[in-house]
Amino acid sequence: MMAGKILAVDDTPASLRLLTEILSEEGYEVRSAINGEIALRSAFANPPELVLLDIRMPDMDGFEVCRRLKAVPETGDVPVIFVSAISDTDEKVQGFELGAVDFVTKPYQREELLARVRTHLEVTRLRNHLVELVDERTRELRESEKRLRASLIDSVSAIASTVELRAPYTAGHQHRVAMIAKAIASRLDLDENLVEGLYLASVVHDVGKIHIPAEILSKPGRLNDLEYNLIKVHPGAGYEILKSIDFPWPIAKIVLQHHERLDGSGYPDGLKGDAILQEAKILAVADVIEAMASHRPYRVALGLDLALGEIEKGSGRLYDPEVVKACLWLFREGGFRMPQ
C-alpha cells in the first residue's frame with residue numbers, strides 16, 4: 001500500500017514546493033494547489049486521504065476551504081491539518097470548530113510535520129477499516145456475533161493506542177477507566193450488553209484528544225483559559241470520529257457526554273439529569289477516579305482516597321448518586337483495586 005494521497009495547499013510557491021518535496025521524499029503521493037479554488041476542484045474530483053492547508057490565502061482563505069470540504073460528503077471525513085504561521089489560540093479554536101484535526105506552526109520541523117501526518121493518516125485508516133469491518137460483519141449470520149465483537153474490540157483498542165502515543169503520560173488511562181466503569185456497571189447489575197458497550201466507549205473516550213496539540217496535552221504547568229477551551233473540544237471531536245460507525249451501542253454519544261454533569265455544569269452541551277446517558281454517568285465517575293489517582297505532567301498523583309472523596313462530595317450534584325454509591329462500595333468494601 002502506498003504511503004498515502006495528500007493534497008498540499010499554500011499560496012506561497014516556495015512554501016508549497018518545500019512541503020511537496022518533504023512529503024514526496026517520504027513516498028507520499030502529493031498534489032499541490034496554489035489557491036483555494038484549485039484545491040477544492042482537486043479534492044472534489046479525487047478526494048485525498050489528508051489535506052495540508054495554509055490559512056492566509058487571497059480570495060479564499062484556509063478556513064473557508066476547510067468549511068467547504070467539510071460540507072460535502074465525499075470530502076467531509078478527510079482530515080485537514082492547518083500548516084500556518086498563525087499561532088493565535090483563538091484562530092486555532094476556530095479551525096478546530098470548522099473540523100480541522102491539527103495545526104502545524106511555521107516554521108516547522110520536518111520530523112514533527114511527518115509525525116503528525118503519519119498519525120492522522122493512521123487514525124483515519126483505522127477508522128475507515130473499522131467502518132468497513134462493521135459493515136461487513138453485520139451482514140453475516142447471527143452466529144458470527146461473538147467473532148464480530150472480538151474484532152470490534154481489537155479495532156477500537158488500536159484507535160485508543162494510536163491516541164495514547166501522542167500523550168505517553170496517560171498511557172493506559174483509557175484501559176483503566178474502562179475496567180473501573182465495567183466494575184461499577186456490574187455492581188449496578190446492568191444488562192451485560194449495556195456493560196459491553198460501556199466498556200468499549202470507555203476504551204476510546206479520549207479519542208478526540210487526537211485533535212489537541214501535543215504541547216498542550218503534555219504541558220507541565222496549569223493550562224490557561226484558551227488552552228483549557230481547546231481541551232474541552234475533545235468529547236465533540238471524539239463523537240465526530242465515531243458517529244458514523246454503526247456500533248450496536250451508542251458509543252459516540254457516550255463519548256460525547258462523558259464530561260457532562262448532573263447539574264448542567266459539564267461540557268460540551270451542559271446537559272442535566274436524565275438527558276445524560278446512564279453509561280456516560282458511569283464513565284464520568286470512572287474517569288474522575290482514574291485521573292485523580294494517577295500522575296499528570298502538572299501534578300503528582302492525588303491518591304485514591306482523595307478521588308473517592310471528590311465523587312462522594314459531588315454525589316447528587318455532579319455525579320449520579322447510585323453510580324457513586326456503587327463505586328465507593330467497590331473500593332471501600334468490595335476489595336476492588338485500581339487497575340494497572
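The values are calculated or read from the model by the stated rules, or taken from the named source; none is laboratory data. From a predicted model like this one, the values you see are computed outputs, not experimental measurements. With ideal geometry, Cβ positions are generated from the backbone for all residues, glycine too; neighbour counts draw on all protein chains shown.
Data table
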{"item": "Residue within segment 184-192 that is of a type outside the set (Asp, Glu), crowded, with 24+ Cβ neighbours inside 10 Å, part of a helix (DSSP H, G or I) and at pLDDT 85 or above present", "result": "yes"}
{"item": "Residue in segment 310-323 that is of a type outside the set (A, V, I, L, M), at pLDDT below 95 and outside any helix (DSSP H, G or I) present", "result": "no"}
{"item": "Yes/no for residue 241 being touching a residue at least 24 places away in the same chain (Cβ under 8 Å), more than 19 Å from residue 323 (Cβ to Cβ), among the β-branched types (Val, Ile, Thr) and in a loop (DSSP other than H, G, I, E, B)", "result": "no"}
{"item": "Any hit, segment 239-252, residues being under 22 Å from residue 192 (Cβ atoms) and among the aromatic types (Phe, Trp, Tyr)", "result": "yes"}
{"item": "Selection within segment 108-118 - in contact (Cβ under 8 Å) with a residue 12 or more places away in the chain, of a type outside the set (Lys, Arg) and surrounded by fewer than 20 Cβ atoms within 10 Å (Cβ to Cβ)", "result": "108, 113, 114"}
{"item": "Failed condition for residue 222, given (1) buried (at least 18 other Cβ atoms within 10 Å of the Cβ); (2) farther than 12 Å from residue 280 by Cα; (3) more than 16 Å from the chain's Cα centre (by Cα)", "result": "(1)"}
{"item": "Long-range neighbours under 8 Å by Cβ, at least six apart or interchain, first residue under 13 Å from residue 9 (Cβ atoms) within segment 45-74, second surrounded by fewer than 18 Cβ atoms within 10 Å (Cβ to Cβ) and among the acidic types (Asp, Glu)", "result": "55/61; 55/91; 59/37; 60/37"}
